[in-house]
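Heads up: the structure comes next, in structure tokens.
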Amino acid sequence: MPINPLPTRFLLNPSLDRLKPYGADERTILSMAGGRDALAAIRLWEGYKPTPLLSLPTMAAACGVASVQYKDEGQRFGLKSFKALGGAYAVQRLVERYGPANMTVTCATDGNHGRAVAWGARRAGIRAVIFVHEGVSEGRAKAISAFGAEVRREGRTYDDSVRASARAAEFHGWHIVSDTSWPGYEDTPKAVMQGYAVLAMEIEAEGVRPSHIFVQGGVGGLAAGVLSYRWERFGPDRPIMTVVEPDKAACLLASAHAGIPTAVDGDLDTVMAGLACGEPSLLAWHILKPGADAFMAIPDAAAIETMRDLATLGIVAGESGVAGLAGFRLAAQDPAMRAALQIDNASRIVVYGTEGATDPDVYRALVGQSPEDVTA
């Protein structure tokens, strides 16, 4: 099942230094020790189990590689997203530090992070106020409020909502639980990203050693969490990692071009709603700038086609959750990208299916089937 050729922007990272050790500066942000602490805490949560790593042999054959494995986060803690590992873990760390009395947590979200923070707040017995922008579907907003959070709709884009959440937190004395960072706000985003490293640790526990990883961009938190563990663990022998973003919200690609954190303008109108981020996380960029091998920006059509192809295999995957896989399929079919990334018939690919059908109505509109029909 080859994917249709589509316009794709691609950049080998000009700042890459694969021989650079994972040093003290990087470990102050994310570390293997911190990852082990996160995994130890998350393992104690009710319902914890590693999410499945699914083999996709038909896609591997179509793309001319040895294997493609898809880590399916579609049922993580019933939230249908990997975000529970970050947002809920950061909430727990805040409660451990300050105590739950009169605590309110807040964040901005495109959907999944806010749901994770709301779920974590309910677990801790504290209040949550979640900000969503005008592009967040009503279904995703209702899924957040179902966990008892107050949902406030403010701003045109995700980055507008980030600023609205920060203003409210400063005014009311609330705790921000953001997956992005900015000057003066770093500790909690570190905890969020550290939770994401659990994904890499679960894959390693299965004895899987990929040659290549394709991972979603957004603000960069997931990519940094996955890269940090592999970089510290394997050094220059780590997998070749490509960061994949929507072409309408490619702030990490723009940052790689510029060599500094760079925001992108516009309405960020992409179907990959969870990746509609215009400004990179400064902490994540500190890891990605010297450590990521390449950056890609892909069109919405590639994500939708990949969702539909996975549905034929009985796999329910959300529009943001397939970006890494869609990016790999495009790269594998382009001779120049394939050569640049050293992809050949012995390559072992790992991608992260970061969400299931987090909005069933959106999923049905894009795939033409309900999630229940696909799994049946």
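Search the range 12-31 for residues being of a type outside the set (A, V, I, L, M) and without any contact (Cβ under 8 Å) to a residue 12 or more places away in the chain, and hand back the single one that is surrounded by the most Cβ atoms within 10 Å (Cβ to Cβ). So that I can check it myself, show each step before the final result.
Let us first name the residues in the range 12-31 that are of a type outside the set (A, V, I, L, M), namely 13-15, 17-18, 20-23, 25-28, 31.
Next, only the ones that are without any contact (Cβ under 8 Å) to a residue 12 or more places away in the chain stay: 23, 28.
Values: Gly23: 10, Thr28: 13.
The residue in question is Thr28.
Among the numbered criteria (1) surrounded by fewer than 20 Cβ atoms within 10 Å (Cβ to Cβ); (2) of a type outside the set (A, V, I, L, M); (3) farther than 21 Å from Glu355 by Cβ, which single criterion is violated by Asp269?
(3)
Would you confirm, using the coordinates I've provided, whether Ala311 is surrounded by 24 or more Cβ atoms within 10 Å (Cβ to Cβ) and either free of Cβ contacts under 8 Å to residues at least 40 places away in the same chain or under 26 Å from Arg76 (Cβ atoms) (or both)?
Details: surrounded by 24 or more Cβ atoms within 10 Å (Cβ to Cβ): no; either free of Cβ contacts under 8 Å to residues at least 40 places away in the same chain or under 26 Å from Arg76 (Cβ atoms) (or both): yes.
No.
Out of Ala284, Ala294, Ala250, Ala263, which single residue is touching a residue at least 60 places away in the same chain (Cβ under 8 Å), hydrophobic (A, V, I, L, M, F, W, C) and surrounded by fewer than 19 Cβ atoms within 10 Å (Cβ to Cβ)?
Values: Ala284 fails: surrounded by fewer than 19 Cβ atoms within 10 Å (Cβ to Cβ); Ala294 fails: surrounded by fewer than 19 Cβ atoms within 10 Å (Cβ to Cβ); Ala250 fails: surrounded by fewer than 19 Cβ atoms within 10 Å (Cβ to Cβ).
One residue alone meets the criteria, Ala263.
Of the residues that make up the range 11-20, is at least one at pLDDT below 95, over 17 Å from Glu202 (Cβ atoms) and touching a strand residue (DSSP E or B) at 6+ places or on another chain (Cβ under 9 Å)?
no
If you take just the strands (runs of 3 or more DSSP E) that sit entirely in the range 32-143, which of them hold at least 2 residues that are assigned by TED's automatic domain parsing to the domain that holds Val316 and buried (at least 22 other Cβ atoms within 10 Å of the Cβ)? Even if it seems obvious, please write down each step before you answer.
Working: elements: 53-55, 67-72, 104-109, 127-132.
Answer list for the range 32-143: 67-72.
Restricting attention to the range 328-355, report how many residues are surrounded by fewer than 23 Cβ atoms within 10 Å (Cβ to Cβ) and either among the small types (Gly, Ala, Ser) or within 29 Å of Gly78 (Cβ to Cβ) (or both).
4
I'm told Arg152 meets every condition in (1) more than 27 Å from Leu11 (Cβ to Cβ); (2) touching a helix residue (DSSP H, G or I) at 6+ places or on another chain (Cβ under 7 Å); (3) part of a strand (DSSP E or B) except one. Can you identify the failing condition by its number?
With (1) more than 27 Å from Leu11 (Cβ to Cβ); (2) touching a helix residue (DSSP H, G or I) at 6+ places or on another chain (Cβ under 7 Å); (3) part of a strand (DSSP E or B) applied to Arg152, the lone miss is (2).
Tell me, which residue of the range 9-33 that is among the polar types (S, T, N, Q) and in contact with a helix residue (DSSP H, G or I) (Cβ under 8 Å, 6 or more places away or on another chain) is farthest from Thr242 (Cα to Cα)?
Keep residues of the range 9-33 that are among the polar types (S, T, N, Q), which gives 13, 15, 28, 31.
Those left that are additionally in contact with a helix residue (DSSP H, G or I) (Cβ under 8 Å, 6 or more places away or on another chain): 13, 15, 31.
Values: Asn13: 9, Ser15: 14, Ser31: 20 Å.
If we take residues in the range 9-33 being among the polar types (S, T, N, Q) and in contact with a helix residue (DSSP H, G or I) (Cβ under 8 Å, 6 or more places away or on another chain), then Ser31 is farthest from Thr242 (Cα to Cα).
Scan Ala143, Ala124 and give me the residue that is more than 19 Å from Gly195 (Cβ to Cβ) and not aromatic (Phe, Trp, Tyr). Before you say what the answer is, go through the steps one by one.
Values: Ala124 fails: more than 19 Å from Gly195 (Cβ to Cβ).
Just one listed residue meets the conditions, Ala143.
Would you tally the residues in the range 152-163 being closer than 16 Å to Trp174 by Cβ and within 22 Å of the chain's Cα centre (by Cα)?
So in the range 152-163, the residues closer than 16 Å to Trp174 by Cβ come out as 152, 154, 161-163.
This time we only want the ones that are within 22 Å of the chain's Cα centre (by Cα), so: 161-163.
Adding up the residues that qualify gives 3.
The values are calculated or read from the model by the stated rules, or taken from the named source; none is laboratory data. Everything quoted here is computed from the prediction, not taken from an experiment. Neighbour counts are summed over all protein chains in view; Cβ atoms, including those assigned to glycine, are modelled from backbone coordinates with ideal geometry.
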